[in-house]
Amino acid sequence: MRGLLFCAALLWAGVATAETLRMAVTTSFHNSGLADVLVPQIAADTGIDLQLLVVGTGQAMKLGRAGDVDAILVHAKPAEEAFVAAGHGTHRREIMYNDFIILGPEADVAQLSGATTATDALTRIAQSGTNFVSRGDDSGTHQTELRLWGDAQITPDGPWYKSVGAGMGAALNTASGLGAYILSDRASWLNFGNPGDLTVLFDGDPALFNQYSFIAINPDRHPHIRADLVAKLETWLTSPKAQELITGYRLQGQPLFVFNATR
């Protein structure tokens, strides 16, 4: 893994310019399509050439710890707080949120339509033995899924539990092909082009809240970090312009994110 991170650092070093900022972002954020809206506007407003590395939250934090990126945008609050407390990041800034949803086949063998909480929904899936696809990649989505299984006091294993070790799009494709249940962020689902007979079967539980946060990598640990550009980017991400673009971004008529950055 260190070799992979080192190679990524060398690649970026070869293409970086004076105003280049490197940020690791989650696959769910990238899959939403919002990056395609924000990145050009960031360049226009700030002059920052924002280069994104699209990975899971766990991998984004590894890149941050190694100093291979200047900032990260992730969605796993307990891990983020530990990351900052350990000195890898200077602070954590909440930017926007949406929610997680539980998808499954329209036949709904596990009868999630009768579930009252997310843990109840997962319990019904486990008891039914119906296929469930897990990202299995230490992403923010995967960490949330594991927390929910823990809350349900269930250790997911057996032939019904399919851990794919892949990003959200690949995991959704697997679930679609198998007619399986899966936990997804709503933005990735709305932007997904191969639903098969998958549909939203459970949502609305506060436990499915999905916060995205910006973390600046600590320049005291890695002096090459572009702290000046990171501060400029953070100012933009919490600006009225960012609020307008994030709030106004919709798919299928639905807003994908709610802006909640404080200034």
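The values are calculated or read from the model by the stated rules, or taken from the named source; none is laboratory data. Here the structure is a predicted model, which means the values were calculated and not measured. When we count neighbours, we look across all protein chains shown, and the Cβ atoms used for this are built from the backbone with ideal geometry, even at glycine. Surface accessibility is based on the protein's heavy atoms, side chains included, excluding ligands, DNA and RNA. Shrake-Rupley method; radii C 1.70, N 1.55, O 1.52, S 1.80 Å.
The table that follows gives values for the structure above.
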quantity: Semi-axes of the equivalent ellipsoid for region 176-240, Cα gyration tensor, largest first, Å; calculated: 37, 14, 12
quantity: Segments 99-107, 244-252 sorted - mean Cβ within 10 Å per residue, highest first; calculated: 99-107, 244-252
quantity: Prolate/oblate/rounded call for region 30-69, Cα gyration tensor, a/c under 1.5 rounded; calculated: oblate
quantity: FRET efficiency estimate (nearest 0.05) - Cβ-Cβ, Arg250 to His224, R0 35 angstrom; calculated: 0.35
quantity: Charge sum, other residues only, whose C-beta stays under 15 Å from Ile154's C-beta, Lys/Arg counted +1 and Asp/Glu -1; calculated: -2
quantity: Cα convex hull volume per residue for the chain (Å³); calculated: 129
quantity: Mean separation of Cα contacts under 8 Å, 6 or more apart, over the residue count of region 156-206: relative contact order %; calculated: 34
quantity: Additional length obtainable on full extension of the chain from Ser113 to Glu19, 0.36 nm per residue less Cα span; calculated: 28.8 nm
quantity: Accessible surface of region 121-189 [probe 1.4 Å, protein heavy atoms]: carbon and sulfur percent; calculated: 46
quantity: Solvent-accessible heavy-atom area per residue, rounded to whole Å², over region 85-150 at 1.4 Å; calculated: 37
quantity: Note, ³J(HN,Hα) from phi for region 237-253, Karplus 6.51, -1.76, 1.60, rounded to Hz, x at Gly and Pro; calculated: 5, 10, 8, x, 5, 4, 4, 4, 6, 5, 5, x, 6, 9, 9, 6, x
quantity: Region 46-91, accessible surface, carbon-and-sulfur percent (1.4 angstrom probe); calculated: 57
quantity: In Å², nearest 10: area of His142 left accessible to a 1.4 Å probe; calculated: 30
quantity: Net lengthening on full extension, Glu106/Gln41 (0.36 nm per residue, minus Cα-Cα); calculated: 19.4 nm
quantity: The chain - share of DSSP beta bridges that are antiparallel (%, nearest 5); calculated: 60
quantity: Stokes-Einstein D (µm²/s) once Rh is taken as the Kirkwood radius of region 116-177 over alpha-carbon pairs, at 20 °C in 1.002 mPa s; calculated: 181
quantity: Burial order of peptide ranges 42-48, 166-172 (average beta-carbon count within 10 Å, highest first); calculated: 166-172, 42-48
